[in-house]
Amino acid sequence: MFTLTSQSPDIKRILHDPVRGRIILVSASGVDIYRVSDWSRVAWATLANVTCAAINDHGIYIGTSATGVWRLPLTASSASTAKLVQVFRLGASVELSSDSILDLAGAGGALAIISAGELLFLPNPAVSYAYPGAGT
């Protein structure tokens with residue numbers, strides 16, 4: 001039996017990356033990435049106020065209660081906090097109506113974001129559809 005440790009006891013989600021053979025443990029304080037073959041922790045990133053996460057073909061997306069959505073590369077290794085990129089927030093090119101992220105879902109190249117004020121659906125990184133009021 002293996003014990004997976006996280007940066008916080010407040011676990012938000014467990015994601016599976018079958019392509020790279022990884023399990024991503026998402027907690028309120030960040031992510032810890034484990035290799036399934038030997039359960040070694042291969043990467044981690046610290047981020048405050050994590051509420052949710054999702055994975056798609058473009059990365060691991062992490063939602064927060066105050067700073068929008070961040071992306072971590074699927075190829076992250078070792079200490080990866082510096083590799084986190086804030087991709088969706090108030091005032092960004094694909095703008096959210098709120099930086100408080102309630103949920104994320106990813107599949108293929110698509111990503112859905114539910115914030116405190118809307119549902120934002122991105123079938124691919126170049127196209128977005130906003131549904132105001134859907135997240136309230």
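Values quoted throughout were computed directly from the atomic coordinates according to the rules given, and no laboratory measurement underlies them. Bear in mind that the values here come from a model prediction, so they are computed numbers and not experimental data. Don't worry about glycine lacking a Cβ; one is built from the backbone with ideal geometry, like all the others, and counts go over all protein chains shown.
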- request: Take the alpha carbon gyration tensor of segment 68-119, find the square roots of its eigenvalues, order them as a ≥ b ≥ c, and report rounded if a/c is under 1.5; if not, report prolate when a/b exceeds b/c, else oblate.
  value: prolate
query: Contour minus end-to-end for His16 and Asp103, with contour as 0.36 nm per residue of separation and end-to-end as the Cα-Cα distance?
result: 29.6 nm
- request: Would you kindly state how much longer the chain becomes between Asp57 and Ser77 on full extension, computed as 0.36 nm times their sequence separation minus their alpha carbon distance, in nm to one decimal?
  value: 5.5 nm
- prompt: With no solvent and one point on each alpha carbon, what is the Debye value of log10 I(q)/I(0) for the chain at q = 0.11 Å⁻¹?
  reply: -0.36
- request: Quick one: what are the phi-derived ³J(HN,Hα) couplings along segment 107-115, Karplus 6.51/-1.76/1.60 with θ = phi - 60°, whole Hz, x for glycine and proline?
  value: 7, x, x, 8, 9, 10, 10, 10, 9
message: Test of the criteria: in segment 1-39, which chymotrypsin sites (Phe, Trp or Tyr not before Pro) are in a DSSP loop and have at most 11 other Cβ atoms within 10 angstrom of their Cβ?
response: Phe2
task: Please list the non-local residues whose amide H lies under 5 Å from the amide H of Val42, H modeled 1.01 Å from N, same-chain partners needing a gap of 5 or more.
output: Ile33, Tyr34, Arg35
